[in-house]
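Accompanying notes for the structure given below.
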Ligand SMILES: [Fe+2]
C-alpha cells in the first residue's frame, strides 16, 4: 500500500500546469492590456517640409479626431494638450471630429484645447461626427463651443499667417459642403499654401492644388490588422494613413491616425497621433 502522506506530498509539490482555459484567459488579458496601452499611448510624428515663399520657419501641429465621448475621457484630451504644448507649435490645426454622438461633450473638449496658445492661432474644420451628432442638429453647438475658446473656423476659406503661409480649410466631403473655389479663391500666385480637411477622400479633388493637405477621419483603421481591417473600411481604405501623392498631380496629402476612438475604447497597430510639421523656407 502506498503511503497516503507521500501521495498528498507528491500532489502538493506537483509543478503547476496551466489549463488551456487559463492560457486563453491569460492571452486575452495580455491582448486587452496591449489594446488599452496603445489607446493611452501617444505618438508624435515629425515631418519636415521645405516650402517656397515662406518668410520664416513655422511649426504646425495637427490634432485630429479627438472624439470626446464616453470612451474618450477629458483627461486623455488633457494629455494630448500637454504633449502639444511641449512641441511649441506656432499654429494648431484641428481637422474635425471633436465629439462622437453628443455635442454636450464639446465644452470639456474645448476647455482643454483652450490651454493651447500658439502665437499664430488655432484653426478648425468640422468632421462627419460633428455634423451627425444630436441627430444631425449638433454642428452649430460644436462650432460655437470651439469659437468660444478662440478657435477660428476655417470652413471653405483661408487665412494668411505672419510667416507668409496661407492656411486653407475645407468642409467635410461626406457630411458638409466643400467648396475648393471659395477656399482657394483669395490666393496670390506663388503664395505658400497648407490645406486641411477632415475626410481624405477630398484629395481626389485637392490633388490638383499645389500644396500639402492634412486630413484625418480614418483613425488609421483604429484596430488595424493588415489585410483584414481594410476589408471593412470601404473607400476609406484608399487613404488610410501616411503620405499620398498621385502621379502627375502637384498636391500631396498626409493622413493622421487621429487621437480618440469610436465604438470601442481601443486601438491596435494604429497609435494615437500628434503630427508635427516643421515648415522651413525652401
Ligand atoms: Fe473620426
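Specify the inter-centroid distance of region 87-109 and region 205-282, based on alpha-carbon positions, in whole Å.
Between the Cα centres of region 87-109 and region 205-282 lies a distance of 18 Å.
Would you mind calculating the relative contact order of the chain from Cα pairs under 8 angstrom and at least 6 residues apart, reporting the percent as a whole number?
26 percent
Based solely on its DSSP helices, what 222 nm [θ] is calculated for the chain when runs of n ≥ 4 H residues each add -39,500 (n - 2.57) and the sum is averaged over all residues, nearest 500 deg cm²/dmol?
Helix-only estimate at 222 nm: -8000 deg cm²/dmol.
Express the C-alpha Rg of the chain as a ratio against the empirical globular expectation 2.2 N^0.38 Å, rounded to two decimals.
Normalised Cα radius of gyration, the chain: 1.24.
Looking only at region 118-140, which residues have a backbone nitrogen under 16 Å from a spot 7 Å from the Cα of residue 179 in the C-beta direction?
Within reach of a label on residue 179: 126.
Any chance you could give the angle, 0 to 90 degrees and rounded to 10, that helix 20-40 forms with the longest Cα principal axis of the chain?
Approximately 20 degrees, to the nearest 10.
In region 128-282, what is the volume of the convex hull around the alpha carbon atoms, normalised per residue and reported in Å³?
Considering the Cα atoms of region 128-282, their hull volume per residue is 143 Å³.
Calculated FRET efficiency, residue 48 and residue 263, Cβ-Cβ r, R0 30 Å, to nearest 0.05? Please report the intermediate quantities before stating the final value.
Values: r = 35 Å, r/R0 = 1.16.
Here the calculated transfer efficiency is 0.30.
Report the gain in length on full extension from residue 56 to residue 135: 0.36 nm times residue separation, minus Cα-Cα distance, nm rounded to one decimal.
Length difference between fully extended and current span is 24.0 nm.
Against the longest principal axis of the chain, how steep is helix 74-86, in degrees 0 to 90 to the nearest 10, with axes from Cα atoms?
The angle comes out near 60 degrees.
Roughly what % of Cα-Cα distances in region 51-192 sit above 24 Å, to the whole percent?
The proportion of pairs with Cα distances above 24 Å equals 31 percent.
Over all alpha-carbon pairs of region 177-252, lay out the pair-distance distribution in 5 Å bins, whole %, shortest bin first.
For region 177-252, the pair-distance distribution reads 3, 14, 26, 20, 16, 10, 6, 3, 2, 0.
Along the Cα→Cβ direction, 7 angstrom out, place labels at residue 245 and residue 144. What is the inter-label distance in nm?
Here the modelled spin labels are 4.5 nm apart.
For region 210-282, list log₁₀ I(q)/I(0) at each q in 0.11, 0.13, 0.24, 0.26 Å⁻¹, using the Debye formula over Cα point scatterers of equal strength and ignoring solvent, two decimals each.
Relative scattering, expressed as log10 I(q)/I(0), comes to -0.31, -0.43, -1.12, -1.23.
Every read-out reported here was derived from the displayed coordinates using simple, explicitly stated rules and does not represent laboratory data. Keep in mind it's a predicted model, so treat the numbers as computed, not measured. Neighbour counts run over all protein chains shown; Cβ positions are idealised from the backbone, glycine included.
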